1. Within the stretch 246-346, considering only strands (runs of 3 or more DSSP E) that don't extend past its boundaries, which have at least 1 residues that are outside the structural domain of residue 214 (by TED's automatic domain parsing) and farther than 30 Å from residue 194 by Cα?
2. What tally of residues in the stretch 307-335 results from selecting those that are free of Cβ contacts under 8 Å to residues at least 60 places away in the same chain and more than 32 Å from the chain's Cα centre (by Cα)?
3. Which is without any contact (Cβ under 8 Å) to a residue 24 or more places away in the chain and of a type in the set (Val, Ile, Thr), of 189, 233, 223, 229?
4. When you scan the stretch 54-71, do you find a residue that is out of contact with any Gly (no Cβ under 6 Å at 6 or more places or on another chain), touching a residue at least 24 places away in the same chain (Cβ under 8 Å), in a loop (DSSP other than H, G, I, E, B) and farther than 19 Å from residue 38 by Cα, even just one?
5. Scan the stretch 348-358 and give yes if some residue there is under 21 Å from residue 254 (Cα atoms), aliphatic (A, V, I, L, M) and modelled with pLDDT under 95, otherwise no.
6. So which of 7, 55, 59 is of a type in the set (Ser, Thr, Tyr), modelled with pLDDT under 85 and within 30 Å of residue 162 (Cβ to Cβ)?
7. Residues 231, 252, 287, 258: which one is hydrophobic (A, V, I, L, M, F, W, C), on the phi < 0 side of the Ramachandran plot and buried (at least 18 other Cβ atoms within 10 Å of the Cβ)?
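The values are calculated or read from the model by the stated rules, or taken from the named source; none is laboratory data. Just so it is clear, the structure is predicted and the values come from calculations on it, not from any experiment. So basically every Cβ, Gly included, is an ideal-geometry build from the backbone, and we count neighbours across all protein chains shown.
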Amino acid sequence: MAAENNTIDGMTGLIGSLDISSSPYVNALVLVAVFALLAKTADILVHRVLRRFATFTKTEMDDRIIDLVRYPVFFTITLIGLLSAVLYLEPSRTVVFYSKGAVYSVITLIWSVTSIRISRLAVEHTVGRVSDATGLGRDIIPLIENIVKIAIVIASLTVILSYWRLNITPLIASAGIAGAAVALAAKDTIANFIGGVSLFVDKPFKIGDYVVLDSGERGEIVTIGLRSTRIKTRDDILITIPNSIIANTKIINESAPIPRFRVRIPVSVAYGSDISLVEKTLLDISIENENVLDDPEPRVRFREFGDSSLRFELLCWAKEPALRGRTIHEINGSIYSKFRECGIRIPFPQRDVHIYREESP
């Protein structure tokens, strides 16, 4: 309130220096009128000038915020004018104390209510944008609003009590003890909440991404909540993982930074096979598959000379990680059929056994 005190003192000194009237009551009324004029000017500035700048933005949130702060600004300046008029009359210390306490308390209440309304608007706007990308349910909005509301109310009560010079140290100590007890009782919940917040900030994955956890589970992200994250595996099994765990786990996101997924298919052919024909056949098979992308182009690599085979590897990119299993299945079936048509042999482990008969003595 230092700024308000300076404003009051300045306006009071200005009226006194002008010496408009010999009656202090008339000067006090003039002071109220001046502040009323300032309040109306500020109202016009907020309502017209700031709203005109708000039209250049794409969101309607700033327009709604202007509507919310318009009247609090007007009433704040008006109340300061009333208080300055009272102080100009130089009343007793008791009157000054109660006047300041009452006016400052009302101003704090006005802005507390305004802050709660703005926070509610911000929460709805933020959750609305995040829910589409993360699957965060809108039913979490009341919880967040209540948490913010409680914080604002506690802060406002603390400020109001300080105006009336009440000792708030016991209240702060009691609140600290109660907060510590709640934190100990709900440490897992708090850890999950903090983990959820870190997931929203870091964004290691989003709804629809295919991830592989450090424990080996692989599936699609279906929900990211404040307490847990849910993954649906290819077996249609839903896995719920607390955010405190998933935030500290190695996660492989197969859908990031681009949704395509690389498929590696090892292929072995018999010695003596035409490697050019093998390469051409594998490329033709991958190009004909509808799940394989043309860019990047499929490629074939001759990896090594095996014990009983020449080992190749077909590298191609599926459209998305969800198609990995189907793509490998279809390509493997096509390889087996095409190799039979082209006369390319696929070797299998075999041993030649030679039997020697010992000659009789």
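1. Where strands (runs of 3 or more DSSP E) fall fully within the stretch 246-346 and carry at least 1 residues being outside the structural domain of residue 214 (by TED's automatic domain parsing) and farther than 30 Å from residue 194 by Cα, they are 261-269, 299-305, 310-318.
2. The number of residues fulfilling the criteria is 15.
3. Of the residues listed, the single one that is without any contact (Cβ under 8 Å) to a residue 24 or more places away in the chain and of a type in the set (Val, Ile, Thr) is 233.
4. Yes, because at least one residue in the stretch 54-71 is out of contact with any Gly (no Cβ under 6 Å at 6 or more places or on another chain), touching a residue at least 24 places away in the same chain (Cβ under 8 Å), in a loop (DSSP other than H, G, I, E, B) and farther than 19 Å from residue 38 by Cα.
5. No, the conditions are met nowhere in the stretch 348-358.
6. 7
7. 231
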